[in-house]
Amino acid sequence: MSAKLIGYALGAVASYSDAKDAPYTRVIFCDAAAYDAGYLSPEDTAGRVEVKGRGGTVLQPGVDK
């Protein structure tokens, strides 16, 4: 995914969690390994999130967590 598309995805997650009054969402980046960004508030999710990885994508580790 491009940086722009990841930004759109994180913005959509933040908007949805805010609309549903969810105080936090868990963000897990799936790459060759899963990188857990932890539980983030909608404001933090929509702000600057450090994206880790950006190599070969393997989705299963994120599903297994």
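The values are calculated or read from the model by the stated rules, or taken from the named source; none is laboratory data. Here the structure is a predicted model, which means the values were calculated and not measured. Glycine gets a Cβ as well: all are built from the backbone with ideal geometry, and neighbour counts include every protein chain shown. For the accessible areas, the whole protein counts, side chains as well, though only heavy atoms, and no ligand, DNA or RNA atoms are used. Shrake-Rupley method; radii C 1.70, N 1.55, O 1.52, S 1.80 Å.
Quick notes
- If only residues of region 1-10 that are more than 10 Å from the chain's Cα centre (by Cα) and open to solvent by less than 90 Å² (accessible area, probe 1.4 Å) are counted, the one that is farthest from SER41 (Cα to Cα) is SER2.
- Filter result for ALA46 (among the aliphatic types (A, V, I, L, M) and touching a strand residue (DSSP E or B) at 6+ places or on another chain (Cβ under 6 Å)): no
- Filtered by the rule that a residue be closer than 22 Å to ASP64 by Cα, within 10 Å of the chain's Cα centre (by Cα) and open to solvent by less than 90 Å² (accessible area, probe 1.4 Å), region 11-44 gives VAL13, THR25, VAL27, ILE28, PHE29, CYS30, TYR35, ASP36, ALA37, GLY38, LEU40.
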